[in-house]
Amino acid sequence: MNYKIARAGSGSAAATVTKSPEMREVYAGELTRMAEEDERIVVLDADLMRANGTAAFRERFPERHIDVGVAEANMVGVAAGLSTLGIIPFPGTFTCFAARRTFDQFFISANYARLNVKLTGTDPGVAAAYNGGTHMSFEDIGLMRTIPEIVICEPADPVSLKALLPKIAYRQGSSYLRLHRKPIAPIYDDSEDFELGKGKLILEGEDLAIIATGAIMVAEALKAAELLEGYGVTSTVIDMHTVKPIDEALIVEAARRTGAVLTAENHQVRNGLGSAVAEVLTDHYPVPQARIGIQDEFGEVGTQEYLQERFGLTSENLVKRALELIARKR
Amino acid sequence: MTSTEAGELKRKAIEIRRHTVEQIAHLGVGHIGGSMSVVEILVLLYYRHLKIDPKNPRMRERDKFVMSKGHAGPALYSVLADRGFFSTDMLYTLNQGGTNLPSHCDMNRTPGIDMTTGSLGQGLSAAVGITLGHRLQGLPGRVFALIGDGDTNEGQTWEAAMSASMYGLGNLVVFTDYNKMQIDGPIDTIMKTDNLGARWESFGWYAQTVDGHDVEALDEALERALAERRRPSMIIADTVKGKDLPGIEGDYKNHNMPLGAEDRDRFFEHFAQLEEALA
C-alpha cells in the first residue's frame, strides 16, 4: 500500500492516537482552545449542547455561549447579527435542522449578506441511527452546495477536524461543517497538515481512484483499498474533506492516473460529492465514474451498521462497485 | 420635544415622502405603500435619536438600525441620502442594473445600512444578535429595528422575541409599522394580529401602542422605551399604508404598484398643501 500520508500511530505522537476520541469532544475542545486566545469565538446552540459536546464550551465561557432553545432559524439569524460586529459565531445543531430548517436564514442573513457564520451540522446521514428517517440528512450537502462562495467541510477523523477548525474560523465567510460526533479512529498522524479546498491524497494506486468524504466513508474507502489488493487492484484514495470549493486539480490528476473514479459519501449521490466530482470530470477529464451513496431514498431507523448495509455504505459494496467500474475501463 | 422641534420633524417627513415618491416614480414601479407608513418612525430615529456619522458609516460606537421590512428600503434611502450618507442623485438609480440601492436593504451595497434584509422574519433575529454582540463587546450603541405586519406573521419573529426577553435585552427597541395591510389584503382578512401589544407583553416585552404618524407621541414612547433597561421594547406604531398619498392611501394594493408622473404630481401637490398647513 503506497501511503502518501503519515498514518496515525506512525509518528512521535503514537501514544496519543491509540484511542478513538469522540469527534464532538475534539470539536468543543478545539473551539474552547481557540476561544482562550480569541474572544471573538462564540458558540450558539438550539437545545442540543449536550448532544453536540458544546456544553463543555459553555462551562468554560458561559457568557460566550448562547442557547436559543429549539429555534434553529433564530439561532442562525442571531449568529448573523453577531458576526456583523466581527464576532466569529459557531451555531450548531443536527445536520437535518442545520440545512433543511434554517436554509433561508443561512442563505440570506448569513451568506447573501456576506457575513461570517460558521454553521455546524452534526450526525450526518446514517450517523443519525436511532433518531431515524426524520433526522437523517442525505440532502444537506446538496442544499449547501448551491450557496455561492460557501465552504463545505466534512472531516474524516479527529486529527483533520482539529486541523481544519481554525482554518474555518479564520477564513472570512460563512461555512458549513458536517460533523460526525461519535468516536472515530484517527487516520492521520498529528503532524499532518490540512488546507481547506485541498483534498488529501492518502493512497496512491494505478487502477482506480476512490474519492470519499466524511468519517464513515473515508474509513470504508481505506478498507476497500486493502480488500482490492487481494484482487490485484491498486487504488488511489482521496479524503475530500472540503466538498466546496472542490479540489479540481487533485480530481483531474487522479482521473488521469487511474482512468476510473469511484466516489463514496454518506449522503445522496444527487448533488453531493458524487455530483461535484462528476461536474469536474465532465468539464476537464471524463472517465468512467460510479457513485456510492444514497440512491434517491429517504432515511430510516436502525443501528449505523444496519443502515450502512441497507444503503450500501460498506467497504464490501465499494469493492464490488470498484471491480465493476474497472471492467468498464476496458 | 418642543413644538418647534416637532414642526421640523413634520416638515422633514414631508420632504422624505417627496424624495421617496420621486425615486419610485422615476423608476415607474415600487414598494410605495409600506415606504410611506414608516416615514415618521425613520425621521424620529435619524433626525433626533440615532448616534451615527454619515462620514463614518461603520463607526464602531454607533447605534444600529435593522430594517426588517427590507422592502421599505426606498424610504430609508431617502433618509440616508438626506443625512449625507450618499448623494441624493443616487436615489434615482433605485432598482436599476448595477445600482447600490436595491429594492431590499443590502448592507454591502448601501452606506448606512446595518443589515441585509428582505426575507421577512429575519431582521429581528439579526437585531437580537447585534444587541447580544454589543453586550459582549461592551459597545455603547443602542439597537433599533423596524418590523412590519408581514414580519409579524413569520414564526421566526416570535422565536427572536422569546430570545430577546430571555436574554433581557433592554438595549433593543423595536417598532412595528402596524399599517394593518398585507400583500393579499387587510390583515383581518388574511392573518389577524389583534391585541398585538398584549402579544408582545406576553412574550416578556415592554409594549406600547401609539399613533405612528404623530412624531411627538412616537418620541414620548421612544423615551419611555429607552428608559426601560430590563426588557426589550416594542412600540406598535399605528400607521396607514400609503400615508399622505391621495387616492391610494390605506389601500392594500399600494404594496408594490406602478407610479407615473401624474401620480407624482398629484402627490406633490398634496405635500405642498401639507407644508402650507404647517407654516
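The values are calculated or read from the model by the stated rules, or taken from the named source; none is laboratory data. All of these numbers come straight from a predicted model, not from anything done at the bench. We place every Cβ from the backbone using ideal geometry, glycine too, and count neighbours over all the protein chains shown.
Suppose we filter B:G118, B:G133, B:G150 for residues that are outside any loop (DSSP other than H, G, I, E, B) and in contact with a Ser or Thr (Cβ under 8 Å, 6 or more places away or on another chain); which single one remains? Don't jump to the end; show me each part of the working.
Numbers: B:G118 fails: outside any loop (DSSP other than H, G, I, E, B); B:G150 fails: in contact with a Ser or Thr (Cβ under 8 Å, 6 or more places away or on another chain).
Only one candidate qualifies: B:G133.
Do the conditions hold for B:L139, that is, is it modelled with pLDDT of 95 or more, under 23 Å from A:H65 (Cβ atoms) and in a helix (DSSP H, G or I)? Write out each step before concluding.
Working: modelled with pLDDT of 95 or more: yes; under 23 Å from A:H65 (Cβ atoms): yes; in a helix (DSSP H, G or I): no.
No.
For segment B:1-72, which helices (runs of 4 or more DSSP H) that fit wholly inside it have 3 or more residues that are farther than 19 Å from B:F268 by Cβ and under 16 Å from the mean Cα position of the chain (by Cα)?
Values: elements: B:3-27, B:33-37, B:39-44.
Answer list for segment B:1-72: B:39-44.
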If we take segment A:183-264, then strands (runs of 3 or more DSSP E) inside it with 3 or more residues that are charged (D, E, K, R) and either under 23 Å from A:E309 (Cβ atoms) or not assigned by TED's automatic domain parsing to the domain that holds A:L313 (or both) are none
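Got a number for residues in segment B:138-157 being surrounded by fewer than 19 Cβ atoms within 10 Å (Cβ to Cβ), of a type outside the set (S, T, N, Q) and out of contact with any Asp or Glu (no Cβ under 7 Å at 6 or more places or on another chain)? Working first, answer last.
So the first thing to find is which residues in segment B:138-157 are surrounded by fewer than 19 Cβ atoms within 10 Å (Cβ to Cβ), and the list is B:138, B:140, B:153, B:155.
Retained after the next criterion (residues that are of a type outside the set (S, T, N, Q)): B:138, B:140, B:155.
Right, trim to out of contact with any Asp or Glu (no Cβ under 7 Å at 6 or more places or on another chain) and you get B:138, B:155.
Total satisfying the criteria: 2.
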Among (1) among the hydroxyl-bearing types (S, T, Y); (2) within 26 Å of A:V70 (Cβ to Cβ); (3) surrounded by fewer than 24 Cβ atoms within 10 Å (Cβ to Cβ); (4) more than 10 Å from every other protein chain (Cβ to nearest Cβ), which single condition is B:T189 missing? (2)
Single residue of segment B:142-170 satisfying the filter (more than 18 Å from the chain's Cα centre (by Cα) and within 14 Å of B:R229 (Cα to Cα)) that is farthest from the other protein chains (Cβ to nearest Cβ): B:G170
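Output the residues belonging to segment A:28-72 that are more than 14 Å from chain B (Cβ to nearest Cβ), part of a loop (DSSP other than H, G, I, E, B) and under 14 Å from A:K118 (Cβ atoms).
Applying the first criterion (more than 14 Å from chain B (Cβ to nearest Cβ)) to segment A:28-72 yields A:28-34, A:36-37, A:48-60.
Add one more test, that the residue is part of a loop (DSSP other than H, G, I, E, B), and what stays is A:48-54.
Across segment A:28-72, the qualifying residues are A:N52, A:T54.
Of these, A:T236, A:T242, which one is within 20 Å of A:F106 (Cβ to Cβ) and crowded, with 23+ Cβ neighbours inside 10 Å? Break it down into steps so the answer makes sense when it comes.
Working: A:T236 fails: within 20 Å of A:F106 (Cβ to Cβ).
The match here is A:T242.
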If the requirement is being in contact with a helix residue (DSSP H, G or I) (Cβ under 7 Å, 6 or more places away or on another chain) and among the hydroxyl-bearing types (S, T, Y), which of these qualifies: A:T236, A:T242? A:T236
Within segment A:97-110, residues outside any loop (DSSP other than H, G, I, E, B), within 14 Å of chain B (Cβ to nearest Cβ) and either touching a strand residue (DSSP E or B) at 6+ places or on another chain (Cβ under 7 Å) or surrounded by 24 or more Cβ atoms within 10 Å (Cβ to Cβ) (or both) come out as A:Q105, A:F106, A:S109, A:A110
Hey, does segment A:140-158 have a residue that's in contact (Cβ under 8 Å) with a residue 40 or more places away in the chain, at positive phi and not assigned by TED's automatic domain parsing to the domain that holds A:A260? no
Specify the residue that is farthest from the other protein chains (Cβ to nearest Cβ); the eligible residues are those in segment A:73-96 that are farther than 20 Å from A:T122 by Cα and surrounded by fewer than 24 Cβ atoms within 10 Å (Cβ to Cβ). A:G86
Just to be sure, is A:A128 facing another protein chain (nearest Cβ under 8 Å) and in a helix (DSSP H, G or I)? no
Looking for something assigned to a helix (DSSP H, G or I) and touching a His at 6+ places or on another chain (Cβ under 6 Å) - is there at least one such residue anywhere in segment A:161-173? no
Those residues of segment B:70-109 which are away from chain A (no Cβ under 14 Å) and among the charged types (D, E, K, R) amount to B:D82, B:R83, B:D89
Out of segment B:181-211, which residues are touching a Phe, Trp or Tyr at 6+ places or on another chain (Cβ under 9 Å) and in a loop (DSSP other than H, G, I, E, B)? B:I183, B:D184, B:T193, B:F203
Check segment A:180-193 and report whether any residue there is of a type in the set (K, R) and within 30 Å of A:L85 (Cβ to Cβ). yes
Listed residues B:D219, B:D194, B:D184; which is surrounded by fewer than 19 Cβ atoms within 10 Å (Cβ to Cβ), in contact (Cβ under 8 Å) with a residue 24 or more places away in the chain and not aliphatic (A, V, I, L, M)? B:D184
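On the basis of being surrounded by fewer than 24 Cβ atoms within 10 Å (Cβ to Cβ) and within 11 Å of chain A (Cβ to nearest Cβ), does B:R135 make the cut? Steps first, answer last, please.
Numbers: surrounded by fewer than 24 Cβ atoms within 10 Å (Cβ to Cβ): yes; within 11 Å of chain A (Cβ to nearest Cβ): yes.
Taking the combined requirement at face value, the residue satisfies it.
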Filtered residues of segment B:110-129 (kept if surrounded by 24 or more Cβ atoms within 10 Å (Cβ to Cβ), of a type in the set (V, I, T) and more than 7 Å from every other protein chain (Cβ to nearest Cβ)): B:I113, B:T117
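Mind checking which residues of segment A:272-327 are among the small types (G, A, S) and assigned to a loop (DSSP other than H, G, I, E, B)? Lay out the reasoning, then the answer.
Looking only at segment A:272-327, we keep the residues that are among the small types (G, A, S), and these are A:272, A:274-276, A:278, A:290, A:293, A:299, A:302, A:312, A:315, A:322, A:327.
Those that are among the small types (G, A, S) and assigned to a loop (DSSP other than H, G, I, E, B): A:G272, A:G299, A:G302, A:G312.
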Is there a residue in segment A:271-279 that is more than 24 Å from A:T122 (Cβ to Cβ) and surrounded by fewer than 20 Cβ atoms within 10 Å (Cβ to Cβ)? yes
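Restrict the check to segment B:226-238 and report whether at least one residue is within 22 Å of the chain's Cα centre (by Cα), over 22 Å from B:I32 (Cα atoms), of a type outside the set (S, T, N, Q) and part of a strand (DSSP E or B).
Initially, segment B:226-238 is screened for residues within 22 Å of the chain's Cα centre (by Cα), giving B:226-228, B:231-238.
Those still in the list that are over 22 Å from B:I32 (Cα atoms) too: B:226-228, B:231-235.
Still in the running and of a type outside the set (S, T, N, Q): B:226-228, B:231-232, B:234-235.
Of the ones still in play, those that are also part of a strand (DSSP E or B) are B:234-235.
Within segment B:226-238, one or more residues are within 22 Å of the chain's Cα centre (by Cα), over 22 Å from B:I32 (Cα atoms), of a type outside the set (S, T, N, Q) and part of a strand (DSSP E or B).
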